[in-house]
Amino acid sequence: MSTRQNRRKSLSRAAAPASVSWVALVAATTLGIGGVQRVRAAVSADPRELGDSHGDYRLIVQSYAPSSFGTGRLPVGRARPLASTQRAITPEQLARGVSVDMLGIAKPDVAATETPVIVAWVEKGRADLAFDGFEARPGVDAFYGVAASADATSALRSTPIVLKRRGIG
């Protein structure tokens, strides 16, 4: 191999950005999507407010574009989450706080600078929802909370969400 070809190879390697994640590269090249968002939340609740501690509980956490909210505290009926996850939890875990990390793909019409809004709720049942709770919506008896995500420039900060509300209507 000539020195010219070696120099060209080293230049092309040096030009590649070092901070690009593999998920962002896959999204950009395969799906044509440029925005991958990382959402971190710390969900907690007073277990005494949950009532009966017998049985299984599931925690569902979703992130939404701010434009998904109408006049109410929850996203409009047809809004689609940017990211979603679910897990089995106990009241004791909620009392200590549950850390949640999600990766979501931003919609093309959502500005990259918009920070997502996080909706979290706990309900009775097992963590067995299809698509990791992507299509789940809080039920009437859900115990939920909503918070604007932490500043997008601080990837290490979690958004605190305290589950308090009942009676979604």
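Within the stretch 84-116, the residues that satisfy the criterion of being within 15 Å of the chain's Cα centre (by Cα) and modelled with pLDDT of 90 or more are Ser84, Thr85, Gln86, Arg87, Val98, Ser99, Val100. Please verify whether the stretch 77-84 includes one or more residues that are under 19 Å from Val162 (Cβ atoms) and charged (D, E, K, R). There is no residue in the stretch 77-84 that is under 19 Å from Val162 (Cβ atoms) and charged (D, E, K, R). A Cβ distance below 6 Å, combined with a sequence gap of six or more or placement on separate chains, defines the contacts here; from the stretch 61-72, residues that are among the small types (Gly, Ala, Ser) reach residues that are part of a loop (DSSP other than H, G, I, E, B) in the pairs Ser63/Leu82; Ser63/Pro116; Ala65/Val110; Ser68/Ala79; Gly70/Val76. All told, Arg58 falls short of being at pLDDT 60 or above, in a loop (DSSP other than H, G, I, E, B) and of a type in the set (Lys, Arg).
For the stretch 119-135, the set of residues classified as at pLDDT below 90 and aliphatic (A, V, I, L, M) consists of Ala127, Leu129, Ala130, listed by residue number. The set of residues in the stretch 125-145 that are touching a residue at least 60 places away in the same chain (Cβ under 8 Å), part of a loop (DSSP other than H, G, I, E, B) and open to solvent by less than 40 Å² (accessible area, probe 1.4 Å) comprises Gly125, Ala136, Pro138.
The values are calculated or read from the model by the stated rules, or taken from the named source; none is laboratory data. Everything numeric here is computed off the predicted structure, so don't read it as measured data. Note that we place each Cβ from the backbone using ideal geometry, even for glycine, and neighbour counts take in every protein chain shown. Just so you know, the surface numbers come from the protein's heavy atoms only, side chains and all, with ligands and any DNA or RNA stripped out. Shrake-Rupley method; radii C 1.70, N 1.55, O 1.52, S 1.80 Å.
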